Amino acid sequence: MLDAVKNSARARRALLLAPALIFLAVFFVMPLADNSARSFLTEDGGFTLSRYAAFLTDRFYLGVILETLILSAAVTVISVVIAYPVAYVLVRKAGRLSGLIVFLLIAPLLTSIIMRTFGWQVLFARRGLVNQWLVTDLGLLDTPLRWLNTPGLAIAALVHVLVPFAVLSIASVLQGVDRRLEEGALVLGASRIRTFFEVTLPLTVDGIGTGAILVFMIANGSFVTLVLLGGGFQTLPLLIYQQFNTTRDFALASTMSTILLVIALACLWLQLRLLRRQGV
Amino acid sequence: MSNAPSSLILSGIHKKFGSLTAVEDLDLDVAPGTLVSLLGPSGCGKTTTLRMVAGFDAPDSGTIRIRDEDVTPLPPNKRGLGMVFQSYSLFPHRTVAENVAFGLRMMGASRQTQADEVRRMLDMVKLGGREDMYPAQLSGGQQQRVALARALVINPRVLLLDEPLGALDKALRESMQFEIREMQQRLEITTLLVTHDQEEAMSISDEIAVMQDGRILQLGAPNDIYDKPETAFVATFLGTSNLFTGTVTTDGLLRTPAGNLALPAQVPPGREVTLSVRPERIMMGDAAAALPQGLSGRVISASFRGSYAAYRIALDETGVEITSYRQADASLGHTGMSPGDRVPLGWPVDQGVIVTTNENAN
């Protein structure tokens, strides 16, 4: 009897989950699996690791992986450094304005990334708004600066897109820090700055961790920003795109996609571990 | 580490939060080495007062002096205080030893001094050997001991206790009360305690300041406040009391809904006052025969409370309800009397206390 009740409850839960699971299986898991499978298959259908062997021993390709990781790391560090003070103000100082700040953080995420990246182009083109200010309006420069296709601008645009993720991750952990812990440190003779480094920062390390991993993961796969703003970076997503569309070497593209996927999965695993430590 | 004379003086403290007055014209003088409690219901301003002493909030006006030094403009870390919070507020990412050593480290004490002092303090609070545990691995009572050790290790000029036992269960609370009191007296440390628990305040304080609506209503030794409350609020907040409010007649009696009652002192006719009589001062049965009130009533409820029994009694004719306690007596059974029993009652006139009616106090 009890088993029957339990079973029917389980059946109902399965039924509710089914549409989402089927959708994910058909449109997410299967294409990914198919794509990865291609990288392991020879032309006549046999199994091979030769593409991975070739890819991972090639100095050029290793360079691309390294460049991807370094770019993502740089974007991550800058994003977290910018995000922490924002999160701090959001949680501790904003009061009734915090709703507005959250809206301002989330609103850009609802805008198409292509639109936002074009925005950067409009601002920083040779005859763009920024150069017009600098040269014509303020007269600070004689000739317009070249912003587009510089590494700095590409990194700035990536940071701009990713900072909200870091802010929200850090803010949610900062929210849970008991203010009385900080007050306890103050009474015991710690200055405000000392209290921050002794108590607040260590207690928000998990938020920094989850935020950083999230930013790193998204930066790793970022494509549109780098295509439109250039910067001379040669990253995995750009290379994959080239292989699919220009070189038409699907097998190599699949190999690189799988490597990117493995990096993303490693990040996800790290993130889950961090979340579990927080007891979520 | 016996303390040099130290004391805490608050004078003319005002504090508003927006339009809400939290503390109004508060003066308080804590004598060296004594423990003073701020006692009152939530929202009475006791916690705000403590936070101003700690330096977390600044008073709108008035000064706070510690050992003859005006600390009003100083930040919390320059006041030389120790503080224990209700939630313990131990640093969860640091071990017991690191928690206790924190204040010493901030003062720049050597590693050796830190280690020695931590061991000495942990021995004192009976937690020797737990140096390397994390707060989450300790029980509530143990965490509170660590918090106490952490506050005392820096030899603070004043110890602040913010509802330190509020999170503990009753039995533990009682034994911790004794422990805190014993340690406070041994170290002769000037202490300000905030609590809403009247039993706690009475059992560990040298003096109690009863607060309501941001003011201190009455300040005095626990037994003075209990025996001689000045207002109806104090009489009922510290313990239980039967209050009879009325107007004084020309022949010196108090005309109340319960009848005309004799007063323990002369009050000019026409004044409105309240007579407060503690439940344990009410006498019942034969003992009440010779008492001047000549009241009698019917027991509505009787409850056994261990060392004593409590009764609600409705007075005949007027129906006014009275609370009365009687020492539990094995020969009378658990409560001695049962609902429905009729009983004469009264109290010796000098056992009543004339207090200000609440309306007048506000």
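The values are calculated or read from the model by the stated rules, or taken from the named source; none is laboratory data. Model, not experiment: these values are computed from the prediction. Note that we place each Cβ from the backbone using ideal geometry, even for glycine, and neighbour counts take in every protein chain shown. Just the protein is used for accessible areas: all its heavy atoms, side chains included, with ligands, DNA and RNA removed. Shrake-Rupley method; radii C 1.70, N 1.55, O 1.52, S 1.80 Å.
Spin-label pair B:E174-B:E188: with each label point 7 Å from Cα along the Cα-Cβ axis, the two points sit 3.2 nm from one another. Under 17 Å of direct C-alpha separation, and excluding same-chain neighbours fewer than eight residues apart, B:K16 reaches these lysines: B:K46. Between the residues A:A107, A:L274, A:G95, the greatest Cα displacement towards the positive end of the dipole of the stretch A:57-277, with unit charges on the Cβ of Lys, Arg, Asp and Glu, is found for A:G95. Rounded to whole numbers, the Karplus 3J(HN,Hα) couplings from phi for the stretch B:317-324 are 6, 8, x, 4, 9, 10, 9, 9 Hz, using 6.51 cos²θ - 1.76 cosθ + 1.60 with θ = phi - 60°, and x at Gly and Pro. Dipole magnitude for the protein assembly as shown: computed about the Cα centre from +1 point charges on Lys and Arg Cβ and -1 point charges on Asp and Glu Cβ, it is near 2320 debye.
Accessible-area rank, largest first, for A:I193, A:I155, B:I322, A:I218: A:I193, A:I218, A:I155, B:I322, with all protein chains present and a 1.4 angstrom probe. I'd like the accessible area for A:R194, computed on protein heavy atoms only with a 1.4 Å probe and all protein chains in place. Round to 10 Å², please. We get 90 Å² for A:R194. Beta bridges assigned by DSSP with both partners in chain B are antiparallel in approximately 75 percent of cases.
Classify the stretch A:6-88: rounded, prolate or oblate, from the alpha-carbon gyration tensor (a ≥ b ≥ c, eigenvalue square roots; a/c under 1.5 rounded; otherwise prolate if a/b is larger than b/c)?
Working: a/c = 4.27, a/b = 1.15, b/c = 3.73.
Oblate shape, in that a/c is at least 1.5 and b/c is the bigger or equal ratio.
Relative contact order of the stretch A:57-277: 28 percent, from C-alpha pairs under 8 Å at least 6 residues apart in sequence.
Under 5 Å from the amide H of B:M211 lie the amide H atoms of B:L39, B:G40, B:L217, each residue being 5 or more positions distant or on a separate chain, with H modelled from the backbone and absent for Pro and chain starts. Distance between Cα centroids, the stretch B:196-228 to the stretch A:10-88: provide it in whole Å. Answer, in whole Å: 67. Quick one: dipole size for chain B, taken about the Cα centre, charges +1 on Lys/Arg Cβ and -1 on Asp/Glu Cβ, in debye to the nearest 20. It works out to roughly 880 debye. Between the beta carbons of A:L66 and B:S42, assuming R0 = 56 Å, the FRET efficiency works out to 0.40 to the nearest 0.05. Proximity of backbone amide H atoms, modeled 1.01 Å from N, is registered between B:Y308 and B:A328 at under 5 Å, excluding neighbours fewer than 5 places apart on the same chain. Think of the protein assembly as shown as having a plus end and a minus end, set by charges on the Cβ of Lys, Arg, Asp and Glu; of B:F237, A:L265, B:P264, A:L265 sits farthest toward the positive end of this dipole. Would you mind classifying the stretch B:218-296 by shape? Square roots of the alpha carbon gyration tensor eigenvalues, ordered a ≥ b ≥ c; an a/c under 1.5 is rounded, otherwise it is prolate if a/b is larger than b/c and oblate if not. Note, shape of the stretch B:218-296 comes out oblate.
Once the chain from A:D34 to A:F103 is taken as fully extended at 0.36 nm per residue, the excess over their C-alpha distance is 20.9 nm. Of A:R92, A:R276, B:R278, the residue with the largest accessible area leads and the full order is A:R276, A:R92, B:R278 (1.4 Å probe).
How far is helix B:96-107 tilted, in degrees, relative to the longest principal axis of the Cα atoms in chain B, given as a value from 0 to 90 rounded to the nearest 10? Long axis of B:96-107 versus the principal axis of chain B: about 70 degrees.
Of B:W347, A:W269, A:W120, A:W133, which has the most accessible area with a 1.4 Å probe, and how do the rest follow in descending order?
Accessible-area ranking of B:W347, A:W269, A:W120, A:W133, largest first: A:W269, A:W133, A:W120, B:W347.
A probe of 1.4 angstrom, applied to the heavy atoms of all protein chains, finds A:D137 with accessible area near 90 square angstrom. Just tell me which lysines come within less than 18 Å, Cα to Cα, of A:K93; anything on the same chain fewer than 8 places away is out. The reachable lysines, counting only those whose Cα sits under 18 Å from A:K93, number zero. Here B:K228 is the anchor, and the aspartates and glutamates within straight C-alpha reach of less than 12 Å, apart from those fewer than 8 places off in the same chain, are B:D350.
Note on the stretch B:276-331: dipole from Cβ charges, positive end direction compared against B:G319, B:S307, B:G297; the farthest Cα belongs to B:S307. The modelled label-to-label distance between B:D341 and A:I22, using points 7 Å beyond Cα along the C-beta direction, is 7.6 nm. When the helices of the protein assembly as shown are scored as -39500 (n - 2.57) per DSSP H run of n ≥ 4 and the total is divided over every residue, the value at 222 nm lands at -13500 deg cm²/dmol. Would the stretch A:57-277 count as rounded, prolate or oblate if I go by the C-alpha gyration tensor, calling it rounded below 1.5 in a/c and otherwise prolate when a/b exceeds b/c, oblate otherwise? Oblate shape, in that a/c is at least 1.5 and b/c is the bigger or equal ratio. Shown in residue order for the stretch A:153-162 are the 3J(HN,Hα) couplings computed by the Karplus curve 6.51 cos²θ - 1.76 cosθ + 1.60 at θ = phi - 60°: 5, 5, 5, 4, 5, 5, 4, 4, 6, 9 Hz (x for Gly and Pro). Mean separation of Cα pairs under 8 Å and 6 or more residues apart, divided by the residue count, gives chain B a relative contact order of 16 percent. Site pair A:R127 and B:S303 shows an inter-label distance of 8.8 nm when each label is modelled 7 Å from Cα along Cα→Cβ. Centre-to-centre, using Cα atoms only, the stretch B:66-105 and the stretch B:119-194 are separated by 13 Å. Computed from phi, the 3J(HN,Hα) profile of the stretch B:351-357 under the Karplus parametrisation 6.51, -1.76, 1.60 (θ = phi - 60°) reads 8, x, 10, 7, 10, 6, 5 Hz, with x in place of Gly and Pro. Amide H to amide H distances under 5 Å link B:Q86 with B:D162, where only residues 5 or more positions off or on other chains count and H is placed in the peptide plane.
Rounded to the nearest 10 square angstrom, B:M107 shows an accessible area of 120 square angstrom against a 1.4 Å probe.
Full extension of the chain segment joining A:T246 with A:R192 gains 13.7 nm, where the gain is 0.36 nm per residue of separation less the Cα-Cα distance. Give me the angle, in degrees from 0 to 90, between the Cα long axis of helix B:140-152 and the longest principal axis of the Cα atoms of chain B, rounded to the nearest 10. It works out to around 60 degrees.
Each part reduced to its alpha carbon centroid, the stretch A:193-269 and the stretch B:264-302 end up 82 Å apart. Placing +1 on each Lys and Arg Cβ and -1 on each Asp and Glu Cβ, with no other charges, gives the stretch B:1-107 a dipole about its Cα centre of roughly 400 debye. Between helix B:111-124 and chain B there is an angle of about 20 degrees, using the helix long axis and the longest principal axis of the Cα atoms.
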